[in-house]
Amino acid sequence: MTATLYGASLGPGDPGLITRKTWDLLHSGADWTYPVRKKQGKSYALNIVLEAGLVPPDNHTELVFPMTHDREILAKYWLRAAEQVLEKLQAGRDVVFLVEGDASTYSTFQHLAKTVAALDSNAQIETIAGVSSFNAAAARAKMPLADTDDTIAIIPAGYGIEMIDKMLSDFDTLILLKVKPLLDDILRLLEHKDLLTQSCFIEKAGSSEERIVHDVLSLKGQKVNYLSLLMVHNSHRMRGDLIRGCRKK
């Protein structure tokens, strides 16, 4: 089998952030596949490509990955998607899987790739690097992620408030992904730690639906999109006998 499955990173929403390598793949004649939450549902990844002015080829296929944390349910969908992809690969057709953000970072593509490889150990799989949501968010919000010897951590907010509290003490910058379920709890923690003014909320970074909120407390009680994150700088963090470069008195 000479065909290849490509995880084609598209960036988080701005079509201008599609890399040249992914752009070339989209014009290569390969079969397009993309994730949806339900049959004939909307695909955020596909929409990025559409906003770039491209038209899906006839050989495009939606792959269903439902919004659930039940691994048993997800495994069935991963298997079905992998079988669909493998059928194309075994017919000698390259397959491009469209991925918002970067395909190596909390991406459905990694589950798909592992399942395809489990079904056929000879399958050719390649990940195309892209711009991650937090890199784009930092640029759009004009909020640098790190400087000099700053430390940075990136985690899904689902790890919970206790873990977020600990990591705020351990890192200079904390990126919290998928904050929707815990947003109010996180805001209370940031208020308690006096970090509200050092935080920024970004939703659908770089897309036409982008929202940037610096007054993060104003989000309390609001419903936000799944594709959202919080960036927090902790300038109060202690570093041994230093406080962000200033020696303690």
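The values are calculated or read from the model by the stated rules, or taken from the named source; none is laboratory data. Keep in mind that what you see is a predicted model, and the values were worked out from it rather than measured. Cβ coordinates were reconstructed from backbone atoms using ideal geometry, including for glycine residues, and neighbour counts include every protein chain displayed.
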Exercise. Restricting the first residue to the range 103-119 and requiring it to be farther than 18 Å from L177 by Cα and at pLDDT 95 or above, which pairs with a second residue that is assigned to a loop (DSSP other than H, G, I, E, B) and small (G, A, S) meet a Cβ separation below 8 Å and a spacing of at least six or different chains?
Worked result: V116/A123; A117/A123
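For residues in the range 178-207 being among the polar types (S, T, N, Q) and part of a helix (DSSP H, G or I), which is surrounded by the most Cβ atoms within 10 Å (Cβ to Cβ)?
Result: Q198.
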For this session: Please state which one of L190, L168 is at pLDDT 95 or above and not polar (S, T, N, Q).
Result: L190
Problem set entry | Answer from K38, K21 - the residue that is surrounded by fewer than 22 Cβ atoms within 10 Å (Cβ to Cβ), out of contact with any Asp or Glu (no Cβ under 8 Å at 6 or more places or on another chain) and part of a helix (DSSP H, G or I) | K21
Problem set entry | Within the range 17-53, considering residues that are without any contact (Cβ under 8 Å) to a residue 24 or more places away in the chain and among the charged types (D, E, K, R), the one nearest to E209 (Cα to Cα) | K42
Problem set entry | Scan of the range 111-142 for residues that are farther than 30 Å from V213 by Cα and of a type in the set (G, A, S), ordered by number | A113, A117, A118, S121, A123
For this session: Report yes if S235 is touching an Asp or Glu at 6+ places or on another chain (Cβ under 7 Å) and either modelled with pLDDT of 95 or more or not in a strand (DSSP E or B) (or both), otherwise no.
Result: no
For this session: Kindly provide the set of residues from the range 61-73 that are over 22 Å from S121 (Cβ atoms) and either touching a Phe, Trp or Tyr at 6+ places or on another chain (Cβ under 9 Å) or hydroxyl-bearing (S, T, Y) (or both), ordered by number.
Result: T61, E62, V64, F65, P66, M67, T68
Seminar exercise, completed: M67 vs (1) outside the structural domain of S235 (by TED's automatic domain parsing); (2) under 28 Å from A205 (Cα atoms); (3) surrounded by 13 or more Cβ atoms within 10 Å (Cβ to Cβ): all pass except (3)
Exercise. Looking only at residues in the range 200-223 that are β-branched (V, I, T) and more than 16 Å from the chain's Cα centre (by Cα), which one is nearest to A45 (Cα to Cα)?
Worked result: I212
Exercise. Just one of the numbered conditions (1) crowded, with 19+ Cβ neighbours inside 10 Å; (2) in contact with a Phe, Trp or Tyr (Cβ under 8 Å, 6 or more places away or on another chain) is not true of D94; which one?
Worked result: (1)
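Just to verify a result, which residue in the range 108-132, among those that are of a type in the set (S, T, N, Q), surrounded by fewer than 22 Cβ atoms within 10 Å (Cβ to Cβ) and under 21 Å from the mean Cα position of the chain (by Cα), is nearest to L230 (Cα to Cα)? Please lay out each step first, then the result.
Applying the first criterion (of a type in the set (S, T, N, Q)) to the range 108-132 yields 108, 110, 115, 121-122, 124, 127, 132.
Imposing the further condition that a residue be surrounded by fewer than 22 Cβ atoms within 10 Å (Cβ to Cβ) reduces the set to 108, 110, 115, 121-122, 124, 127.
Now narrow it down to the ones that are under 21 Å from the mean Cα position of the chain (by Cα): 108, 110, 115, 127.
Details: T108: 21, Q110: 24, T115: 31, T127: 27 Å.
Of everything passing the filter in the range 108-132, T108 is nearest to L230 (Cα to Cα).
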Problem set entry | Filtered residue count, the range 198-218, keeping only those that are out of contact with any His (no Cβ under 9 Å at 6 or more places or on another chain) and free of Cβ contacts under 8 Å to residues at least 60 places away in the same chain | 7
For this session: With the checklist (1) in a strand (DSSP E or B); (2) surrounded by fewer than 16 Cβ atoms within 10 Å (Cβ to Cβ) in hand, flag the one item E62 doesn't pass.
Result: (2)
For this session: Quick one: which residue in A113, A82, A117 is touching a helix residue (DSSP H, G or I) at 6+ places or on another chain (Cβ under 8 Å), assigned to a helix (DSSP H, G or I) and among the small types (G, A, S)?
Result: A82
Problem set entry | Hits in the range 133-174 (condition: free of Cβ contacts under 8 Å to residues at least 12 places away in the same chain and either under 30 Å from A30 (Cβ atoms) or surrounded by 15 or more Cβ atoms within 10 Å (Cβ to Cβ) (or both)) | N135, A139
